[in-house]
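The values are calculated or read from the model by the stated rules, or taken from the named source; none is laboratory data. In this text, all values refer to a predicted model and were calculated from it rather than measured experimentally. Heads up, the Cβs are rebuilt from the backbone with ideal geometry, glycines too, and the neighbour counts pull from every protein chain shown. Note: accessible area is taken over every heavy atom of the protein model, side chains too, but ligands, DNA and RNA are not part of it. Shrake-Rupley method; radii C 1.70, N 1.55, O 1.52, S 1.80 Å.
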Amino acid sequence: MAKVTELGYMGLSISDADAWKSYATSCLGMELLESEVADTFYLRMDYWHHRIELRVGSEDDLAYLGWRVAGAAELSAMAVKLSEAGIAYKVGSSAEAKERRVLGLIKTRDPAGVPTEIFYGPQVDGHLPLYPGRRMHSGFVTDDMGMGHALVASDDPIASYKFYELLGLSGSIEYHLKTPDGVAKPIFMHCNNRQHSIAFGVPSQKLLNHFMIEYRSLDDLGMAHDIIRTKKIDVALNLGKHANDQALTFYSATPSGWLMELGWGGVVASSQQQYHENDVFGHQIEVSGMGLDVEL
Ligand code: MBD
Ligand code: FE
């Protein structure tokens with residue numbers, strides 16, 4: 001059975017390029033890579049040509065998530081699975097594959113409308129080690145864990161669960177959380193050792209609620225925290241440790257309304273189900289109304 005192996009890339013539609021270039025380099029430490037394509041630039045996190053494509057537009061939201069499969073055979077098998085499930089998809093043209101810096105892709109949408117791409121063969125530039133946008137002790141946790149995790153919108157969590165299960169992810173409800181509108185029961189799903197690559201089931205206005213990246217070194221998380229505090233960037237939830245992935249994280253505002261969750265120290269995924277009502281510590285709401293008013 002074909003399965004996705006990692007959350008490999010992401011596209012973002014943004015309105016303020018200068019604000020994003022500054023935030024991504026000086027706060028997050030990502031490498032900025034300019035593009036020949038108008039109003040487009042990339043962010044690098046490792047040897048991959050890029051992990052994030054940003055395109056200037058009128059909207060601020062997620063443009064697409066890219067899920068990797070091993071190769072061409074697995075991509076064909078995935079297309080068959082989508083067809084059999086009655087899910088519409090398009091095969092990306094060779095021009096589109098070139099633009100994404102991959103060998104092949106198909107495009108579909110999850111049940112909430114999240115533009116979803118499945119691809120194989122990313123361009124990996126071994127001659128271009130990461131040149132971080134600020135001083136950095138170490139890099140980002142990527143490799144076979146993918147680039148991070150996304151919390152996305154879902155109006156029908158069961159439908160979303162079935163879609164991501166078809167892609168080869170597994171997971172379950174891992175929290176019963178108090179929110180201003182009642183109890184939320186978010187679902188967290190994994191496709192490799194990263195404890196979750198996708199989550200949904202928390203009310204979200206945008207397709208993207210937050211995106212989590214993980215530093216290899218605690219000191220880089222600390223530096224990101226210092227810089228964000230010095231710049232007086234809003235923090236939605238302050239430093240705390242999640243009960244499921246055990247990561248020490250905080251949630252920073254971005255120039256686009258969604259949040260970046262910056263973290264360190266996550267544990268690998270377990271196949272056994274358990275759930276939590278609270279985090280280990282921290283994650284108190286510091287600025288409410290930023291899309292994550294949950295009592296952890
Ligand atoms: C997460 O990464 C998260 O964003 C929330 C809300 C709860 C547990 C883990
Ligand atoms: Fe998260």
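How much of the DSSP bridge set in the chain is antiparallel, in percent, rounded to the nearest 5?
75 percent
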Subtracting the Cα-Cα distance of residue 25 and residue 56 from 0.36 nm times their residue separation yields 9.4 nm
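For the chain, what is the accessible area per residue in Å², given a 1.4 Å probe and the full set of protein chains? Mind showing how you got there, number by number?
Working: 12730 Å² over 296 residues.
Solvent-accessible surface per residue comes out at 43 Å².
First measure r as the distance between the Cβ atoms of residue 17 and residue 123, then evaluate 1/(1 + (r/R0)^6) with R0 = 22 Å and state the FRET efficiency to the nearest 0.05. Mind showing how you got there, number by number?
Details: r = 23 Å, r/R0 = 1.05.
So, using R0 = 22 Å, E works out to roughly 0.45.
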With only Lys, Arg, Asp and Glu charged, each at its Cβ (+1 for the first two, -1 for the last two), find how big the charge dipole of the chain is about the Cα centre; round to the nearest 20 debye.
-> 360 debye
Going by a ≥ b ≥ c, the root eigenvalues of the Cα gyration tensor, does segment 6-120 fall in the rounded group (a/c under 1.5), the prolate group (a/b larger than b/c) or the oblate group?
-> prolate
Once 60, 181 are ranked on solvent-accessible area with the largest value leading and a 1.4 Å probe, the list reads 181, 60
The lysines whose Cα lies under 20 Å from the Cα of residue 231, excluding any fewer than 8 residues away in the same chain, are 21
Grab the Cα-Cα distance for residue 277 and residue 232, subtract it from 0.36 nm times how many residues apart they are, and report the gain in nm with one decimal.
-> 13.2 nm
